[in-house]
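Engineer: Here it is: the structure, laid out below.
The values are calculated or read from the model by the stated rules, or taken from the named source; none is laboratory data. Model, not experiment: these values are computed from the prediction. All Cβ positions, glycine included, derive from the backbone under ideal geometry; neighbour counts span all protein chains shown. For the accessible areas, the whole protein counts, side chains as well, though only heavy atoms, and no ligand, DNA or RNA atoms are used. Shrake-Rupley method; radii C 1.70, N 1.55, O 1.52, S 1.80 Å.
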Amino acid sequence: MKKITLFLAALAATIGIDTYAQTDFTLSGSTFPGTHRTSAYAADLDNDGRMDLIYGGQLDPTLDKPGIWNWTTLSTIVWNKGADTWTPDCLMAEQNAEPEKTDDGSDQVDENGNPVYHWHLNGPKHGIRLSSFNQYAGIDYNNDGLVDLLVFGQDGSDDWYMSDEWKKNHLSLYRNNGNGTFTFEENAVFPSSSPDNSGVNFSLAVADYDRDGWVDFAVSGNLDDSEKQDTYPSRLVTIYRNDGGTGVFTRMDIAETRGDVWTSEVKDEAGEVVTEKQKLEGWFYPIAGNVHFADLNNDGWVDLIFDGWADEKWDPAYIDANNYARVYINQNGEKFVDRTPENPFYTLRSSSSVVNDFDGDGYLDFFMTGWGDNGYSWNAFLYTNTQGEDVFDVPTEIDDLGLDGTEKVKTYVRDFNGDGIPDITHAVAHNDKKLNVYYGSLTGAFTDKEYEDYPCCRDAWGVVADFDNDGLSDIFQVGYIESADAKLYYNTTPDVVAETPEAPKNVKAEYADGKLEISWDAVEGAAEKHLAYNVYVKNSEGKIYCIVPADPETGFVKVSNERTSALRPAVTTYSITVPEGDYTVGVQTISLIHETASAFTKADGSLDGLFDAKADKKAGFDVTVDAEGIVAEGCGEPVKVIDILGRTVAEGAAGKHIDVPADGVLIIVKDNVAKKIVK
């Protein structure tokens, strides 16, 4: 196993050692439906502990049949069955039962006298809309433990598959039914908009920004013509707050923006102002591009950073007319304050950006690549987190980074070669259309490795995830080579093992003033190892709140892109607003550069982790235990007996003997108060 030490890092920085080592990739033996004009996404969509794939797009060569336009818009889920076995659920072509007819009603025949058959399309079974130039994000919006999907894209000209109601919902929410199908959430209504830059950007970000126990999301995009108002910005960044898992999301205009955001003034033919400009209260700076939730100042609250293209410039401190990035710091979930650096904060368009901790100091940095309008052409910037109010300093630029700039890509940061140092891949065609990885080094520069034998795709974007459950990062790409294609490259580097992080210890939970207060001991070396913390809370009804969707029993993280919303390694407390009740609480450690995660450590170190979150009844109640059962103190109140697996094993009334066949650790619940006993 390749390992890295702080001593070695310091030594390398001093004498210039380069620890670059090549990753071996192996092409999957499976065939995936090919297309282009889409972005792929990976998540465990069927709750079986394996990462599945979803993508849309246009052009499927298998649909090139008489009577079918093979550039139809698509929606494909490929189910991961393990051992490199994949089952697609996609748009399928089926031959018509009857031959085509001539004008006189007879069968059409070809030059050989054979009947001529046309084909028709059958929609996929999963129920998610057809779309192209699209993006996805996993969000368990109703806390049922299943990964639901936000879908953000464009309709094709063949939108026959969609009802009129669906057509106007370019941004849609789909509820996971747990049986391989999804249902369009009618309560989730958003403005008609689409991703900028042909769907290249990360235009969706998911996190519980106000820590109320329901996961929210942010979106950046272009408003469609039907939504635009003449004097309003045509681009939009906003947060949508989850209304208690009902499917309703509320737009939150809670920003304090430097320079403010304004409507345009209206002038008559003589140039006289007839309508004054109007300040748009609470608006985030309207940029279409990338958006990220990330805790930039390590206070336990996710902040917002986004970049891209804006129509107008209001902020005199900003150096550029159209290319923008903005940093907003979360004020305890109540508002976001603009803390964009006033030093030259160069940004790029047609860009891809990511947040990750590149230097292992425990603070998230900001990387972007794209096209610069300031004389930079293709470029790349790495902004190091200054740990101060300005957040970011003057960036390290392309020449010092040792990598190439490029545009219209999908950038991912992982440690592919197992040396403990973040690497970069664009998970898409490089300028020469070969798979490329930029390997990080202890000196801070990158080394470009082009994989000559591994062609990749143009006009599409891939995803990085662990598809064979070995903890290493694999790369999936879908797009156009000679035709529409899709390829999965497994990371098969010899002697490299992605270590499972150490689990947190001493997890505790208390309930006070309407909040569940959770704490744990820091994992040693968490920052240097690029680790973060994930928290789950499960109530007595089985509803599961998780910062990053994960399996509470195995610790398996179910999504590919949302890990940066986890808690930073310096944060060892977390609180959420929940009603009184009984809860199971757990904390795990997850890696931001590998696909690994620890098991969850449950509160108080107990097997069940169940405790009473009812502040006014901490004294509890007495329980008498005998060989046959229990008697709970009280007078007729309903009593439930639960085993350590959460199963109800007996029920009865307080003050009366309740027969309990089970032995061992049991939880006695009366009037929403829980008491642990041993029988």
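Engineer: For mean projected area of the Cα convex hull in nm², pick the label among [x] 38.9; [y] 32.4; [z] 29.6 that corresponds to the value derived from the coordinates.
Structural biologist: [x]
Engineer: For segment 497-539, rounded, prolate or oblate, judged on the Cα gyration tensor with a ≥ b ≥ c (square roots of eigenvalues), a/c < 1.5 rounded, else prolate if a/b > b/c?
Structural biologist: Verdict is prolate for segment 497-539.
Engineer: Ok, one more. Of all beta bridges DSSP finds with both residues in the chain, what is the antiparallel percent, to the nearest 5?
Structural biologist: The antiparallel proportion sits near 100 percent.
Engineer: Run the 1.4 Å probe and let me know the accessible area of Glu186, rounded to the nearest 10 Å².
Structural biologist: 140
Engineer: With no solvent and one equal point scatterer per Cα, compute the Debye intensity ratio I(q)/I(0) for segment 222-325 at 0.14, 0.19, 0.24 Å⁻¹ and report its log10, rounded to two decimals.
Structural biologist: So the normalised log intensities work out to -0.66, -1.12, -1.47.
Engineer: I'd like the accessible area for His292, computed on protein heavy atoms only with a 1.4 Å probe and all protein chains in place. Round to 10 Å², please.
Structural biologist: Spelled out: His292, probe radius 1.4 Å, area about 20 Å².
Engineer: While we're on this one: Order of 579-587, 558-566, 250-258, 37-45 by packing, highest average Cβ count within 10 Å first?
Structural biologist: Result, highest mean Cβ count within 10 Å first: 37-45, 558-566, 579-587, 250-258.
Engineer: Taking N as the number of residues in segment 359-415, what value does Rg over Cα atoms divided by 2.2 N^0.38 Å take?
Structural biologist: It is 1.19.
Engineer: Moving to a separate point now. Mind jotting down a quarter of the surface of the convex hull over the alpha carbons of segment 288-411, in square nanometres, one decimal?
Structural biologist: 7.5
Engineer: Could you compute the net charge surrounding Val413? Neighbours are other residues with a C-beta less than 11 Å from the C-beta of Val413; K and R count +1, D and E count -1.
Structural biologist: Residues near Val413 contribute -2 overall.
Engineer: My understanding is that a pair violates if its Cα-Cα distance is over 22 Å; which of Lys125/Lys408; Lys279/Lys335; Lys515/Lys538; Lys538/Lys656; Lys656/Lys679; Lys515/Lys656 do that in this structure?
Structural biologist: Pairs exceeding 22 Å: Lys125/Lys408; Lys538/Lys656; Lys515/Lys656.
Engineer: Hey, what's the per residue convex hull volume over the C-alpha atoms of segment 456-537, in cubic angstrom?
Structural biologist: Considering the Cα atoms of segment 456-537, their hull volume per residue is 171 Å³.
Engineer: D for segment 274-313, whole µm²/s, Stokes-Einstein with Kirkwood Rh over alpha-carbon pairs at 4 °C and 1.567 mPa s: what number?
Structural biologist: Answer from the Stokes-Einstein relation: 103 µm²/s.
Engineer: If you line up the Cα atoms of segment 31-185 on their principal axes, what length do they span on each, largest first, in Å?
Structural biologist: Principal extents (Cα only, largest first): 60, 39, 25 Å.
Engineer: Oh, and also: When only alpha-carbon atoms count, how far does segment 176-217 stretch along each of its three principal axes, as whole angstroms with the largest first?
Structural biologist: For segment 176-217, the Cα spread along each principal axis is 32, 29, 19 Å.
Engineer: Report P(r) for segment 104-153: all Cα-Cα distances, bin width 10 Å, range 0 to the bin holding the largest distance, values in whole percent.
Structural biologist: Each 10 Å bin holds this share of Cα pairs: 18, 27, 16, 14, 14, 10, 0.
Engineer: Going highest first, how would you order 362-368, 401-407 by mean Cβ packing within 10 Å?
Structural biologist: 362-368, 401-407
Engineer: Going by average Cβ neighbours within 10 Å, how do the peptides 628-636, 414-422, 483-491 rank, with the highest at the top?
Structural biologist: 414-422, 483-491, 628-636
Engineer: As a test of the formula, what do you get for the chain when each DSSP H run with n ≥ 4 contributes -39,500 (n - 2.57) and the sum is divided by the residue count, at 222 nm and rounded to the nearest 500 deg cm²/dmol?
Structural biologist: -500 deg cm²/dmol
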